[in-house]
1. Applying the selection to the stretch 71-97, what residues are farther than 23 Å from residue 23 by Cβ and assigned to a loop (DSSP other than H, G, I, E, B)?
2. Could you say which residue among 40, 20 is in contact with a helix residue (DSSP H, G or I) (Cβ under 6 Å, 6 or more places away or on another chain), surrounded by fewer than 16 Cβ atoms within 10 Å (Cβ to Cβ) and more than 25 Å from residue 168 (Cβ to Cβ)?
3. Mind listing whichever residues of the stretch 126-147 are closer than 17 Å to residue 46 by Cβ and in contact with a helix residue (DSSP H, G or I) (Cβ under 8 Å, 6 or more places away or on another chain)?
4. How about the stretch 22-50: which of its residues are more than 26 Å from residue 148 (Cβ to Cβ) and part of a strand (DSSP E or B)?
5. Pairs needed: first member in the stretch 23-34, at positive phi; second member anywhere, part of a strand (DSSP E or B) and surrounded by 15 or more Cβ atoms within 10 Å (Cβ to Cβ); C-beta distance under 7 Å; at least 6 residues apart or different chains.
6. Could you please give the count of residues in the stretch 108-133 that are surrounded by fewer than 15 Cβ atoms within 10 Å (Cβ to Cβ), in a strand (DSSP E or B) and without any contact (Cβ under 8 Å) to a residue 40 or more places away in the chain?
7. Filtering the stretch 164-203 down to residues that are at pLDDT 95 or above and exposed (fewer than 15 other Cβ atoms within 10 Å of the Cβ), which residue is nearest to residue 79 (Cα to Cα)?
């Protein structure tokens, strides 16, 4: 499990075809890897991947064809948000996330908030149609592994505000209209939708 509080921004240094997927090597920048072992889970742009090899400042992961089908952001040279798995007793600053990406959204708008001297930006994303019923105003959503609060939603499009700290500490600062981002819906919404019989996420 993860919280959506990004701990470091790394970069995919290589992406090599392997079996039906790819082996990616991620340079981990300032991420503290002292307690990380082969077999551990790490959220890479919001996608839970298993460490298959470790160096002092890099981690290797295998991404299967299914993972590549429903995610984005693993090409060589791409910056990635990184978060180690939660440990018992650690603070939960964002919201509980599984790292199972529900779909890929498309950035529809990204601009500074008008008349906001603080420096916040408004991000609007078009979600896949099947995911839209699980997104609600004032609910939580993970965008590229970052825990955010939904400001408003209309149809498939939702909007969030990014404060200066989020912009400086994550890859979201580099987004542009048309960019693709991994999305994970709030887990509570997923179960409510199931109980109500809402058809979502290919059910």
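The values are calculated or read from the model by the stated rules, or taken from the named source; none is laboratory data. All values reported here derive from a predicted model rather than from experimental measurement. Backbone-built Cβ (ideal geometry, glycine too); neighbour counts: all protein chains shown.
1. As a first pass, look at the stretch 71-97 and keep what is farther than 23 Å from residue 23 by Cβ: 86-97.
Within the stretch 71-97, 86, 87, 88, 89, 90, 91, 92, 93, 94, 95, 96 meet the criteria.
2. Details: 40 fails: in contact with a helix residue (DSSP H, G or I) (Cβ under 6 Å, 6 or more places away or on another chain).
After ruling out the rest, the residue left standing is 20.
3. Selection gives 134, 135, 139, 143, 144, 146.
4. 22, 23, 25, listed by residue number.
5. 29/8; 29/9; 29/10
6. 2
7. Only one residue fits best here, namely 174.
Conditions (1) on the phi < 0 side of the Ramachandran plot; (2) in contact (Cβ under 8 Å) with a residue 24 or more places away in the chain; (3) under 19 Å from the mean Cα position of the chain (by Cα), marked per residue:
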position: 45; (1), (2), (3): no, yes, yes
position: 54; (1), (2), (3): yes, no, no
position: 64; (1), (2), (3): yes, yes, yes
position: 67; (1), (2), (3): yes, yes, yes
position: 78; (1), (2), (3): yes, yes, yes
position: 102; (1), (2), (3): yes, yes, yes
